[in-house]
1. Restricting to the stretch 153-186, what's the tally of residues that are outside any helix (DSSP H, G or I), open to solvent by less than 60 Å² (accessible area, probe 1.4 Å) and within 13 Å of R118 (Cα to Cα)?
2. Being of a type in the set (A, V, I, L, M), under 20 Å from K244 (Cβ atoms) and touching a Ser or Thr at 6+ places or on another chain (Cβ under 9 Å) is the requirement here; does V99 meet it?
3. N93 is checked against (1) within 30 Å of A162 (Cα to Cα); (2) not assigned by TED's automatic domain parsing to the domain that holds F170 and fails just one. What number does that condition carry?
4. Which of the residues belonging to the stretch 251-282 are in contact (Cβ under 8 Å) with a residue 60 or more places away in the chain and farther than 16 Å from Y79 by Cβ?
5. With a cut-off of at least 1 residues that are more than 13 Å from P263 (Cβ to Cβ) and free of Cβ contacts under 8 Å to residues at least 24 places away in the same chain, name the helices (runs of 4 or more DSSP H) lying wholly within the stretch 24-128.
6. State whether one or more residues within the stretch 114-126 are aromatic (F, W, Y) and surrounded by 15 or more Cβ atoms within 10 Å (Cβ to Cβ).
7. Just for the stretch 67-92: of the residues that are of a type in the set (S, T, N, Q) and within 29 Å of the chain's Cα centre (by Cα), which one is surrounded by the fewest Cβ atoms within 10 Å (Cβ to Cβ)?
8. Kindly provide the set of residues from the stretch 226-243 that are open to solvent by 70 Å² or more (accessible area, probe 1.4 Å) and more than 24 Å from the chain's Cα centre (by Cα), ordered by number.
Amino acid sequence: MAVATSEAQTTSRSTRGGGGHQVRKLLRMNWLGGIAGWIWLVIVMIPLYWIVVTSFKDQSAFFSQNPLALPSAPTWDNYKLVIENDFPRYFLNSVIITVGTVVPAVAISFMASYAIIRGAGSRFLGGVMGLFLLGLAIPLQAVIIPVYLLIIKMQLYDSLLALILPSIAFAIPLSVLVLTNFIRDVPKELFESMRVDGASEWQMLYSLALPLTRPALVTVSIYNGLFVWNGFLLPLILTQSPEKRTLPLALWTFQGQFSVNVPAVLASVVLTALPIVILYAIGRRQLLSGLTAGFSR
């Protein structure tokens with residue numbers, strides 16, 4: 001009995017010793033990872049810092065001062081110049097197109113995902129899911145000419161609706177793929193209990209599936225919003241008049257218009273990216289929970 005106890009103590013000490021060694025090794029790895037993370041943060045932040053600082057300089061200070069030095073006399077003239085060149089109109093166009101794309105695309109994708117999961121085993125719904133997955137394999141650049149011809153036939157060329165409809169079509173496949181994975185994780189017993197209580201499919205959709213998949217809905221909404229907000233190819237091909245320009249297309253125009261005035265170009269970059277930064281600051285918690293929920297389930 002004493003021998004067994006001694007062996008157990010020896011094994012326990014060796015286990016604790018090995019565990020301590022692993023902990024120390026993990027701490028060393030965390031230090032290396034932390035240092036690498038800080039280095040990467042500095043590399044990423046330097047260009048962003050340069051863009052913001054330079055946007056508050058005038059042209060003479062831009063060419064004479066250190067690029068990373070703070071402006072000796074900060075000025076808002078660059079922002080004023082950009083805003084006076086129809087920036088509010090381009091901003092409103094981007095907001096209309098983004099909201100007009102994200103809201104219908106997420107709503108359609110959510111209902112389609114619910115129907116696919118609840119109708120599992122149906123050949124028709126399985127074919128619909130395969131069709132959505134096929135949409136992921138088709139890049140926008142490959143179908144831009146057919147989309148252009150369809151918009152011309154529908155007499156929608158040079159309109160905001162010409163940008164909204166194709167954007168909805170390209171936002172649905174990935175949204176369906178993400179939302180189906182989340183709805184599939186909802187326990188079937190919850191649906192069955194609501195069914196016993198007399199709830200309809202619409203009631204289960206909005207009372208059960210919607211609250212439980214809210215992180216995924218926020219995630220796909222922000223992702224699709226970023227995709228549409230930064231979209232350049234569709235506005236370039238499907239619009240012509242300056243009144244229908246979006247921010248990325250206007251930014252490209254500003255680059256040609258203010259090619260010598262670099263601070264003004266960077267001021268337009270800051271104004272274009274600012275709404276995305278604010279949106280991320282507001283919804284980052286929901287976005288992170290939606291991105292990590294699939295790994296924790």
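The values are calculated or read from the model by the stated rules, or taken from the named source; none is laboratory data. Just so it is clear, the model here is predicted, and its values are computed rather than measured. When we count neighbours, we look across all protein chains shown, and the Cβ atoms used for this are built from the backbone with ideal geometry, even at glycine. Ligands, DNA and RNA are stripped out before the accessible areas are found, and what is left, the full protein with its side chains, is counted by its heavy atoms. Shrake-Rupley method; radii C 1.70, N 1.55, O 1.52, S 1.80 Å.
1. 1
2. Judged against the criteria, V99 is not a match.
3. Failing condition for N93: (2).
4. The answer is V260, and nothing else.
5. Answer list for the stretch 24-128: 77-84, 87-118.
6. For the stretch 114-126, residues aromatic (F, W, Y) and surrounded by 15 or more Cβ atoms within 10 Å (Cβ to Cβ): present.
7. N85
8. Q240, E243
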